1. Given the criterion at pLDDT 90 or above and in contact with a Gly (Cβ under 9 Å, 6 or more places away or on another chain), identify the matching residue among A:Ala140, A:Ala115.
2. Considering only residues that are buried (at least 23 other Cβ atoms within 10 Å of the Cβ) and not hydrophobic (A, V, I, L, M, F, W, C), look in segment B:77-102 and name the one that is nearest to A:Cys137 (Cα to Cα).
3. With respect to B:Ser178, is the statement that it is more than 14 Å from chain A (Cβ to nearest Cβ) and closer than 15 Å to B:Ala67 by Cα true?
4. State whether the residues of segment A:130-150 include one that is in a loop (DSSP other than H, G, I, E, B) and among the aliphatic types (A, V, I, L, M).
5. Could you list, in sequence order, all residues of segment A:108-165 that are more than 10 Å from every other protein chain (Cβ to nearest Cβ), surrounded by fewer than 23 Cβ atoms within 10 Å (Cβ to Cβ), free of Cβ contacts under 8 Å to residues at least 60 places away in the same chain and of a type in the set (S, T, N, Q)?
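The values are calculated or read from the model by the stated rules, or taken from the named source; none is laboratory data. Note that this is a predicted model, so its numbers are computed, not measured. Ideal geometry is used to build each Cβ from the backbone, glycine not excepted, and the neighbour counts take in all protein chains shown.
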2 protein chains.
Amino acid sequence: MRASRPAVHPVEAPPPAPAAAAQAQAQAEGVAHPRGVRMKDPPGAPGTPAGLGLRLAQAFFAAAALAVMASTNDFPSVSAFSYLVAAAILQCLWSLTLAFIDIYALLVKRSLRNARAVCIFTIGDGITGTLTLGAACASAGITVLIGNDLNICAENHCASFETATAMAFISWFALAPSCILNFWSMASR
Amino acid sequence: MRASRPAVHPVEAPPPAPAAAAQAQAQAEGVAHPRGVRMKDPPGAPGTPAGLGLRLAQAFFAAAALAVMASTNDFPSVSAFSYLVAAAILQCLWSLTLAFIDIYALLVKRSLRNARAVCIFTIGDGITGTLTLGAACASAGITVLIGNDLNICAENHCASFETATAMAFISWFALAPSCILNFWSMASR
């Protein structure tokens, strides 16, 4: 009976070649290098200084839109302006969260090319970007209606509305490269 | 003199292996199959029946938004509604153009996975999608302002404005899969 059992003490494997070891380590770290040599993270991707700069710019301009809009006392009377405030808060929180992740990745010199992380970043960027663009466009429509079509700027805070709308648009312009780079990185692996 | 001339009657080449022939034909058609076996065009990609259906849906809903908005006599007094009409015209023309290209590709059974074509489709989809979403959001902001915030629907064509806005949103929802699939196809080659 004992003779038919397989060996339970594993035979020590020979040390792998250096290239195979590096590949195994990369796979263990969740970094995908499936097809030969791959370029490093492009500027603007998560975990790079440019990516961190984009995130901080998004958060800054979203916070500016929020502050300028909230400084007017009559923004809750218009639904689109309330929606802009909500979208700016969401955008600011999302960008700040990713900025902290970028700072962590830069400090510990860790790549953020993990497949699941990039997928979450892309979906989140897409959702917050669509909401921010929608809020900015809705506010722009109302601002143009007040300022150009009805000419009732004297009774309203047209300058504040326009500034907040412009800040929201700039925040969206800073978000677009992050979203496109994340989606590209997700698709090209 | 005659003897030094090269042969003008080409020697018949031996028939290549079937796999090599298929690969050469694919390369001649501009279809990229760089890494082993690749799936066929996913449903919704340009040149597929689902892609054609998406294009026709985009064009139909953009045309519906255009028709409903143009049927109101006072839309030029609001900038956002004029912008919606312009964006719907652009969206309709773009989607119809790509629908004709899809019909041609389906009739001649030709793949549209050409790198340059996919790049042009992606950029065009991105631009028209952003414009359509912006126009829909601006119109939605004004419609909500008229209907909910100011309650002056009695003097305005609220139902028409709401219908046109909804049609523009549906057109954008039909455009999003095309744009994402084209971008994915561009990035993953």
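1. A:Ala140
2. The extreme case among them is B:Gln91.
3. The answer is no for B:Ser178.
4. Within segment A:130-150, one or more residues are in a loop (DSSP other than H, G, I, E, B) and among the aliphatic types (A, V, I, L, M).
5. A:Asn151
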